[in-house]
């Protein structure tokens, strides 16, 4: 178009454009090591010699191929062209060199007297048009350069306008290419990080072989079919064997063609990726998985589920709190953790699912490896929705719909939406199932939960200089019984009643929950009778006591009233607080009781 001998595009090293960068690293660039003396260094230039080009593209008139010459390849007069390009970067101005005697004289007058005249005569007679290429931030990222117009003509204003228009499109192309390159590098770094993480997150082959050689005890020995199961007497090795036994008795290893080594390694890897926090650890995950196992087998729910759903539910239960840090979503948001930045809602639940997928993608851990692409997509989707369902914010949004569906008569459980709703309620029921255990187990679990909550409360006091909510304030630990009653009334009883309506064989869960409510209510009443004055002093008022009831110490999840409100598409808002007598009469939860001051953070 512009009828010239050659054209070049120079790309500037914008990543290391700090002149001191290479000095600090003791690196000498090719430009600085070149014996070629500087062509010019006018005072108005901002150190053009410091400009570094990463890549040079060149197209010659008599060639069809684009070349990528190095700086060493550009010798003689072409070395001067590089200096012109540097000059353009430093000044951010178009530079049109015609090689006239006046231009050479002008260079001499700018303190270039050290440059030999024969050097100038030989190397500066060519005609060169150089134009800066800008990015969206108006920063020079390259130079477009034309060399020697045909027939000895000089580059005109029309040529400059044409090349400037080209440089705009060139800038867009370079910028997009750099963005893609940066994204590719970030993805590569992420892949490397995941590979390293996967290596350390996965169990060793030695551990796997040891587990493979063990004879797995029967489900009866572990009492896996019982809703009263407890892990307290199990060793760490026992817990892994119990997990494998559940897959065996559900016939999942055979149905999904899982190599036994992969099955054992996956169990050990999942266990390894739980942190040693007080409550949300591997043993809690095992208890949740055992509850879904008992619901499927003893509670006969397996007749309502496909093999894919059964497998997904068991995997989701074992994985639902992976890498839990012992703090809830609200705390992650307050400290502006990377997880909270990555996920604005259901922060920890999304992270738990990501960890689950990471383990499945680790070498030797993919228990879904025999599935077809369609089956794999389906089971991963169910695992994801099941893990996310353990966020109480989602439970509060869906529990009324589930209750209405159950009471509608004959629910269509073949409907995908109804089935997903049912699985979500099952996950919540399993997650808080410690509330249904025998009293001694329930009481000990409540102490563990409270201990973890109090640790978070201590962190909020120390790091955030905030007063934690009552359920996380160890100075208010005496209110635990009242908070448990509120938790049971608002969260546990509704889900267990609805599930019992779906399948009467699940009634042991409801009965256990109601029995523990009586026990907690009795403790709350005894505490009130023994020390009314102390009770009044700590609670402050009847209304404050009502709030503490609603704040039930919970159980598995982590959501505050603000979080529930933010995610409530139907605008179901403020709790309609009921009057509660000083004798702690049973509180009735209305549909609007989603926002009790600081709603529980369930187990």
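Since every read-out is calculated from the coordinates, none of them should be taken as a lab result. Given the structure is predicted, the values throughout are model-derived calculations rather than measurements. When we count neighbours, we look across all protein chains shown, and the Cβ atoms used for this are built from the backbone with ideal geometry, even at glycine.
The modelled label-to-label distance for the pair residue 357/residue 55, using points 7 Å beyond Cα in the direction of Cβ, is 3.1 nm.
For a test of the definition: using alpha carbon positions, the gyration tensor, and the 1.5 limit on a/c, classify region 220-261 as rounded, prolate or oblate.
The shape class here is oblate.
Under 1.5 on a/c is rounded, so check that first for region 338-436, then, if it is not, pick prolate when a/b is larger than b/c and oblate when it is not; a ≥ b ≥ c are the square roots of the alpha carbon gyration tensor eigenvalues. Judged from the Cα gyration tensor, region 338-436 comes out oblate (a/c at least 1.5, b/c at or above a/b).
Cα gyration tensor of region 202-523, axes a ≥ b ≥ c as square roots of the eigenvalues: rounded (a/c below 1.5), prolate (a/b > b/c) or oblate? Rounded, since a/c falls under 1.5. Distance from the alpha carbon centroid of region 394-449 to that of region 236-303 works out to 20 angstrom.
Short-range pairs are left out: with C-alpha atoms under 8 Å and at least six residues apart, the relative contact order of region 202-523 is 18 percent.
Annotation: for a label point projected 7 angstrom from Cα along Cα→Cβ of residue 458, residues of region 297-328 with backbone N closer than 16 Å are 326-328.
Order of 237-249, 487-499 by packing, highest average Cβ count within 10 Å first?
487-499, 237-249
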